[in-house]
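Derivation of every value follows stated rules applied to the coordinates shown; laboratory data play no part. All figures in this text were calculated on a predicted structure; none of them were measured in a lab. As a convention, Cβ positions derive from the backbone with ideal geometry for all residues, glycine included, and neighbour counts pool all protein chains shown.
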Amino acid sequence: MEAGTASGITLDELGLAARNHALPLEALRHPLTPVGLHYLLIHFDIPVVAAASWRLAIGGRVERPLELTLEQLQARPHRSLAVTLECAGNGRALLEPRPASQPWLSEAVGTAEWTGTPLAPLLQEAGLADDAAEVVFTGLDRGVQHGVMHDYERSLPLAEALREEVLLAWAVNGEPLPPQHGYPLRLVVPGWYGMAHVKWLRAITVVAEPFHGWQQEVAYRIRQTEEEAGEPVTRIQPRALMVPPGLPEFYTRTRLLEPGSCLLEGRAWSGYGPVERVEVSVDRGPWRPAELDEPLSDFAWRGWRFEWRAEPGEHELRCRATDAAGNVQPDEARWNLDGYCNNTPQRVCVLVDERPERLLES
Ligand SMILES: Nc1nc2c(c(=O)[nH]1)N[C@H]1C(S)=C(S)[C@@H](COP(=O)(O)O)O[C@H]1N2
Ligand SMILES: [Mo]
């Protein structure tokens with residue numbers, strides 16, 4: 001059971017939550033998230049794209065603009081990489097007051113193996129102009145947010161766009177992208193929050209000036225007021241999640257368990273180097289270390305486990321991650337206007353008894 005700050009959810013928020021689903025926590029058991037269980041975030045409508053007439057345009061501050069078909073892209077060198085993707089708004093609905101937007105709890109995450117061609121050689125082939133500063137990625141989807149009509153588009157600083165692991169991906173877990181994940185082509189920016197991984201790509205434009213699009217300049221900034229410019233959201237803050245142990249109660253998701261030895265397990269990730277420590281705390285007691293598996297890749301989560309002796313009664317389990325850069329999940333949420341990067345530790349409420357359902361009635 002998550003802390004109950006999400007009272008007064010509106011029908012608009014419910015509508016968003018129904019379109020954009022999270023990872024069911026039990027699916028953390030899969031090292032690679034089956035595609036239908038991966039979280040989804042779609043701002044506008046999912047485009048329907050015919051691959052035969054689709055083209056990717058590469059232009060702007062380049063010497064040789066390119067126009068590529070999907071076949072031409074797929075004929076280029078390709079690689080597959082396991083990448084953990086997380087929405088920057090994950091944890092938003094646990095903030096008080098709750099910013100009105102997609103009301104995520106803690107589960108807007110998934111890890112998949114993305115296959116595509118590296119972006120950097122394509123940009124080199126197009127020939128970057130001397131004044132190239134950023135690369136803008138434009139999707140086929142369009143709509144209005146806060147009164148402003150726009151295409152979904154985001155930029156990356158040139159140095160980020162040229163990282164060797166940045167991919168133009170056409171497959172996920174070995175299958176062509178499904179419509180909801182960006183068919184026929186999406187950007188994958190390992191280590192960055194989800195908003196950077198532009199889906200349904202139609203254009204890549206090299207620019208000499210900082211990009212001022214709505215999803216860049218208004219959204220995805222850590223700020224306290226509308227007036228402030230704020231700091232851009234970039235890389236993923238560390239987070240650990242556990243598979244809730246035992247059996248669920250349907251309505252509250254409270255966990256029911258018999259006393260005795262219980263293996264807690266989950267996954268942990270960060271965009272600032274691998275997670276180096278995962279810890280578990282029971283009933284606000286000391287943080288104790290969990291055992292870690294090897295990460296699936298430099299940009300994907302790692303499994304963890306922790307042996308817990310479940311004593312009869314009601315308990316609160318928490319877990320937290322620390323990454324290679326020393327970032328640790330904070331006890332207190334850092335509130336911001338649009339509710340980004342809330343990585344306070346997950347809390348799971350567990351009732352332990354020989355017949356745990358008895359404890360629900362009280
Ligand atoms: N074109 C386009 N790309 C997009 C989005 C979008 O609405 N349109 N949403 C972004 C956000 S906010 C997130 S968190 C990720 C979600 O990717 P997924 O749905 O494949 O998990 O896609 C990003 N790419
Ligand atoms: Mo997102």
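Some observations on this one:
- Sites Asp283 and Thr10 - FRET efficiency at Förster radius 35 Å, r taken between beta-carbons, to 0.05: 0.55
- Using the average count of surrounding beta-carbon atoms within 10 Å as a protection proxy, the listed peptides 291-297, 354-360, 265-271 rank, highest first, as 265-271, 291-297, 354-360.
- Most mobile listed residue (Tyr251, Tyr220, Tyr39) in the chain, GNM with C-alpha springs under 10 Å: Tyr251
- For segment 11-232, relative contact order (Cα pairs under 8 Å, six or more residues apart, normalised by length) works out to 23 percent.
- Pair Leu158, Thr252: separation of 7 Å Cα→Cβ label points (nm): 5.8 nm
- Listed peptides 194-200, 153-159 appear in the order 194-200, 153-159 once ranked by packing, highest mean of other Cβ atoms within 10 Å at the front.
- Candidates Gly59, Gly15, Gly91, ranked by Gaussian network fluctuation over the chain, Cα under 10 Å, top entry: Gly15
- Length-normalised contact order for segment 239-360 - Cα pairs under 8 Å, 6+ apart - percent: 32 percent
- Of the residues Leu94, Leu264, Leu14, the one that moves most in a GNM of the chain with alpha-carbon contacts below 10 Å is Leu14.
- Summary of the geometry: segment 162-225 and segment 44-84, compared by the centres of their Cα atoms, lie 12 Å apart.
- Using the Stokes-Einstein relation with a Kirkwood hydrodynamic radius computed over Cα pairs, the translational diffusion coefficient of the chain at 20 °C and a viscosity of 1.002 mPa s comes to 100 µm²/s.
- For the chain, adding -39500 (n - 2.57) for each run of n ≥ 4 DSSP H residues and dividing by the number of residues yields -2000 deg cm²/dmol at 222 nm.
- Inverse of mean 1/r across different Cα pairs in segment 232-320, Kirkwood, Å: 14.2 Å
- Cβ-based net charge around Pro157, under 13 Å, with every Lys or Arg adding one and every Asp or Glu removing one: 0
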